[in-house]
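What follows is a single structure, written as structure tokens, with notes after it.
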Number of protein chains: 2
Amino acid sequence: MEPIQVAGITFRLDPGKPLYEQIVDQVQGALARGDVKLNERLPSVRELAQLLKVNPNTVMRAYQDLERGGLLMTYRGQGTFITDKPQPVERLKQDLAYRAVAHLVNEMRRLGFSREQALALLQEVKWS
Amino acid sequence: MEPIQVAGITFRLDPGKPLYEQIVDQVQGALARGDVKLNERLPSVRELAQLLKVNPNTVMRAYQDLERGGLLMTYRGQGTFITDKPQPVERLKQDLAYRAVAHLVNEMRRLGFSREQALALLQEVKWS
DNA sequence: TAAAGTGTATTATAGATGTTAATACACATA
DNA sequence: TATGTGTATTAACATCTATAATACACTTTA
């Protein structure tokens, strides 16, 4: 389970969550943080599968999910590339952040906390 | 999928998450919010199963999970009751809140946001 | 032109997990 | 004694994840 670095993306796969989802998550994370260059080429399906010790079908499913989100471009015979447009990446970042905050709001409301209590906890908690 | 009220607890089961987990979540939520009285009797395994249109094994699994957390007491032949001690409930509430905040922190860090950005988002977002 | 490397699709198989079903047993109470 | 509790076991089934094997379409390059 040692991390694997490739094209600015760190892959670490654990059990407990679908592999293809973890691949999607880690590519998205690298994009949101700006760790990858736009238009950069990713490893081929078979190549990444070998690196991650995973079935090619699993990588392909992840790549296809990412392509549907406008984050990847795939060209038959050429390979898979990070999108060259900054908009889908920015949209992704805002989307995921909003979703994460909304999730916290729902959970805190479910538990009977106020917004002020949530803010206080978020200020107190260790960040890095 | 219409909600079912019983003993101060609202049950609503959706597909997409294990049924026994949803039962656990909703009992925990009611406890955290103070919606249920301590020492109160819950529906029997078979009774709740019938109400929720679910297998008795599924309810039993949820009850057992809750008992392991000290939130329920079960007595052979008598029934299942909310704990009579406030401590496990308070501990649960703090635990779940901390976990929820920690989850947000991890996600925001993964996306490259600062604590200040997270706080700003949490202040802006609609609460109720 | 041929070969190698791309993405893509299909089918079969296996394993894990969640859920139901049926049945039985232990215990408490009316 | 009968009924209603919690508890345990076993079997069956559905869904999802992942692998495996194979084939095809397309691009690049030797």
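The values are calculated or read from the model by the stated rules, or taken from the named source; none is laboratory data. Because the structure is predicted, anything quoted here is derived from the model rather than measured. Positions of Cβ are backbone-derived with ideal geometry, glycine not excepted, and every protein chain shown enters the neighbour counts. The protein model used for the area step is the full one, side chains on, heavy atoms only, and it has no ligands, DNA or RNA in it. Shrake-Rupley method; radii C 1.70, N 1.55, O 1.52, S 1.80 Å.
Restricting to the range B:27-44, name every residue that is touching a residue at least 24 places away in the same chain (Cβ under 8 Å), over 11 Å from B:I82 (Cβ atoms) and within 14 Å of chain A (Cβ to nearest Cβ). Matches in the range B:27-44: B:Q28, B:A32. As for the range A:100-114, it holds at least one residue that is at the interface with chain B (Cβ under 7 Å from one of its Cβ atoms), free of Cβ contacts under 8 Å to residues at least 24 places away in the same chain, outside any helix (DSSP H, G or I) and in contact with a Leu (Cβ under 6 Å, 6 or more places away or on another chain). A count restricted to the range B:62-73 and to residues that are more than 16 Å from DNA strand C (Cβ to nearest atom) and of a type in the set (S, T, N, Q) stands at 0.
Of B:L13, B:L51, all but one fail to be within 11 Å of DNA strand C (Cβ to nearest atom), away from chain A (no Cβ under 14 Å) and more than 13 Å from B:T80 (Cβ to Cβ); the exception is B:L13.
Of the residues making up the range A:2-46, those that are in contact with a strand residue (DSSP E or B) (Cβ under 9 Å, 6 or more places away or on another chain), within 15 Å of DNA strand D (Cβ to nearest atom) and not in a loop (DSSP other than H, G, I, E, B) are A:I4, A:F11, A:Q22, A:I23, A:Q26, A:V27, A:R41, A:V45.
The residue that is farthest from the other protein chains (Cβ to nearest Cβ), counting only those in the range A:61-79 that are under 18 Å from the mean Cα position of the chain (by Cα) and near DNA strand D (Cβ under 9 Å from one of its atoms), is A:R61. May I ask you to say which residue of A:G34, A:G69 is at positive phi and open to solvent by less than 70 Å² (accessible area, probe 1.4 Å)? Criteria check complete, one pass: A:G34.
Residues that are open to solvent by less than 30 Å² (accessible area, probe 1.4 Å) and within 16 Å of DNA strand C (Cβ to nearest atom) within the range B:74-123 comprise B:G79, B:T80, listed in sequence order.
I'd like to check something: does the range A:68-77 contain any residue that is part of a helix (DSSP H, G or I) and without any contact (Cβ under 8 Å) to a residue 40 or more places away in the chain? Looking for residues that are part of a helix (DSSP H, G or I) and without any contact (Cβ under 8 Å) to a residue 40 or more places away in the chain, one finds at least one in the range A:68-77, hence yes. Candidates are the residues of the range B:47-60 that are more than 11 Å from DNA strand D (Cβ to nearest atom) and outside any loop (DSSP other than H, G, I, E, B); the one that is most open to solvent (accessible area, probe 1.4 Å) is B:L51.
Would it be correct to say that B:V24 is within 14 Å of DNA strand C (Cβ to nearest atom), within 18 Å of B:T83 (Cβ to Cβ) and of a type outside the set (S, T, Y)? Against the criterion (within 14 Å of DNA strand C (Cβ to nearest atom), within 18 Å of B:T83 (Cβ to Cβ) and of a type outside the set (S, T, Y)), B:V24 qualifies.
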